[in-house]
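These notes are about the structure you will find just below.
Rule-based calculations on the coordinates, nothing more; no lab input. Just so we're clear, the structure is a prediction, and the values are computed from it rather than from any experiment. Glycine also receives a Cβ, built like all others from the backbone with ideal geometry; neighbour counts cover every protein chain displayed.
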Amino acid sequence: MTDRGIKDPNRQTSMFGVSSTDGTTPVAAEITASTKRLRTDSLSGGEYDTFAQDASTEATTTIEYEHHEIHGGSHYFVQSYADLAEDNVLDFTWQMPDTTKWIHWTWEVDTEAEFLWQVYENVVATNALANTVTPLNSNRNSTNTSATTMKNEIQANLAAANTDTNVTGGTLIGSGISGAGKKVSGTSERHHEIIMDQAKLYCLRGTATAAGYVNFDMHWYEHTDKN
């Protein structure tokens, strides 16, 4: 590895070049004090990257990857509520696309009373649920739409839910209870994303042990791995 540096006093800029020992990967970099930015250019390929830096602390300024997907128009959400009677089942079926553009999913549920939640993978939709759910793009300037297909329905009880969505052969990948009895509310959430299995049908199921409202908030982005 070799390098050389040149200081430009007029621009308050340091220019330096770096090349690998075999000379095949030359790059140049420019650090500009006034803008607190680092620019790197590949001398051969013309690549250009900019790294922003906080002027006060000189810390590198970044955003989370999920935030980047929002800017790129590949992040979606479903957020609403349901009023459930005792023993009602709120079912969602969610079909993943058969592509390598995978869904990275997080969610949160708030309940007024006791509520059993379950997530099943690789279920069978014996009958399509009544309502089509249209995910919204988190970047409201984007015209991109989700590649997934989501439906939901409030079923009278577990037997009715199982008639329409057969979870017997599926895999239960998550479950829990939010709230306690009829008077204690609760919150359940998963903030570490799940990467959903392509081409699989999922059932997102909530059973009201006691009557009450439930708020549901689902977020995901759709991304193809680079490597």
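The table below gives the values:
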{"quantity": "Protection proxy ranking of 109-115, 213-219, 133-139 - average other beta-carbon atoms within 10 Å, highest first", "calculated": "109-115, 213-219, 133-139"}
{"quantity": "Note, ³J(HN,Hα) from phi for the stretch 103-109, Karplus 6.51, -1.76, 1.60, rounded to Hz, x at Gly and Pro", "calculated": "9, 10, 10, 10, 7, 8, 10"}
{"quantity": "Pairwise label distance in nanometres, residue 227 with residue 60, each label 7 Å out on the Cα-Cβ vector", "calculated": "1.6"}
{"quantity": "Proxy reagent accessibility, fewest Cβ within 10 Å first, across 151, 101, 226", "calculated": "226, 101, 151"}
{"quantity": "Amide H within-cut-off set for residue 138, under 5 Å, with H built and near neighbours excluded", "calculated": "75, 76, 77"}
{"quantity": "Förster-model FRET efficiency, 35 Å R0, residue 134 and residue 99, C-beta, rounded to 0.05", "calculated": "0.95"}
